[in-house]
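What follows draws every value from the coordinates through simple rules; no lab data is involved. Everything numeric here is computed off the predicted structure, so don't read it as measured data. No Cβ is skipped: glycine too gets one built from the backbone with ideal geometry, and neighbour counts run over all protein chains shown.
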Amino acid sequence: MTDTIFITGASGKLGQGVIHHLLERGVAPSKIIAGTRNPDKLADLAARGVTVRAADFDDKAGLVKAFAGADTVLIISTDALDGAGTRQRQHLTAVEAAAEAGAKRLAYTSLPVPETSKVSFAPDHLNTEKAVKATGLPYLIFRNNWYQENLFLALPHAFASGQWFTSAGDGRTAFVARDDIAAAIAGAIVNWPAQSTTYTLTGTEALTNEEVAKLASAAVGKPLQVVSLTDEQLAGGMKAAGLPEGFIPTLVSFDTAARAGDLAVITGDVESLSGRKSKPLTAFLEENKAALG
Ligand SMILES: NC(=O)c1ccc[n+]([C@@H]2O[C@H](COP(=O)([O-])OP(=O)(O)OC[C@H]3O[C@@H](n4cnc5c(N)ncnc54)[C@H](OP(=O)(O)O)[C@@H]3O)[C@@H](O)[C@H]2O)c1
């Protein structure tokens, strides 16, 4: 495909990865537009010939201008998890702006089973998916499961006390390397399928937190005990630990979702789109044992 591809959130970790993989697949830098709120951060990409434009989902008029001339627009979901509807508004603005600017194809990063997921912000994703479909444009939706990198948030803290507090119970999570997701998204964009498609991008195995703890413990060389709590107990512990109160329901919902099986789906989409073997969780844990433990 020789069309022009716009990547939003291009200074974010996933956006950087997608652009890296597009370039690696031979997409000319002149066919890539990197959109970000902070163009200064992308001087290295600009030096390589990638067009860098300011693009902020809070500025619709600016977005319409930024998207001008882009054939494909990949909308990467934002990190605005304020629980006040900001993120959904941002995403809907981006979809509208891309359509108004004359995009020919839309792609969006969502999460698994947004129709029923217990993750607190799943409705943002579901409603954005609906908006993407309502444009009538050909689309690709990438329902991304939890990154392996999310374990950087949980495990260092858990190893510090030797205890991992969780309400996920026996729920399983098919963690996937963020770079494997980026490679899969780049592959799908370059080989855009004839039919609009919704992919679920997951790891190749779904593990309970007990199983993850055993593997992490072996990699790090320190003991780690999983302590099973109810959602209410977990929320209480987070509050006592001083986590921002407004964010606690979101954090707890991750464990609720795992317990409900929302994060356990396994598909072969990552490997088929990326054309390479996915990184197993054991490899991630081994590579990052110093930072995790
Ligand atoms: N599946 C998972 O496990 C998981 C984990 C974490 C996050 N996520 C989601 O996946 C997205 C990408 O992940 P990541 O690792 O790349 O996160 P990240 O490095 O934290 O990047 C956050 C992204 O949000 C964009 N953003 C924030 N506010 C924006 C706005 N007003 N307008 C346009 N873009 C805005 C940023 O773009 P610029 O700074 O370049 O403007 C950046 O790309 C996240 O934003 C989040 O929605 C998924």
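Listed from fewest to most Cβ neighbours within 10 Å, the set Glu149, Glu232 follows the order Glu232, Glu149. With neighbours defined as other Cβ atoms within 10 Å of a residue's Cβ, the residues Asp59, Asp180 order from fewest to most as Asp59, Asp180. Look at where the Cα atoms of region 186-205 and of region 41-62 average out, and the two centres are 25 Å apart. Against the empirical 2.2 N^0.38 Å (N residues), region 5-144 has a Cα radius of gyration ratio of 0.99. The alpha carbons of the chain give a radius of gyration and a Dmax of 19.3, 55 Å, in that order.
Only the Cβ atoms of Lys and Arg (+1) and of Asp and Glu (-1) were treated as charged; on that basis the dipole of the chain about its Cα centre amounts to roughly 520 debye.
Tell me the mean residue ellipticity at 222 nm calculated for the chain from its helices only (DSSP H runs of n ≥ 4, each -39500 (n - 2.57), averaged over every residue, nearest 500).
Per the formula, -13000 deg cm²/dmol.
Cross-link partners for Lys289 among the aspartates and glutamates, with Cα-Cα distance under 14 Å and sequence neighbours closer than 8 places in the same chain left out: Glu149. In terms of packing, defined here as the mean over residues of other Cβ atoms within 10 angstrom, the peptides 208-221, 238-251 line up highest first as 208-221, 238-251. Candidate cross-link partners of Lys118 among the aspartates and glutamates, defined by an alpha-carbon separation under 13 Å and a same-chain spacing of 8 or more, comprise Asp231, Asp255, Asp262. Ranked by how many other Cβ atoms sit within 10 Å of their own Cβ, fewest first, the residues Ser11, Ser272 fall in the order Ser272, Ser11. Under 20 Å Cα to Cα from Lys133, which lysines show up? Leave out anything in the same chain fewer than 8 places away. Result set, ordered by chain and number: Lys60, Lys104.
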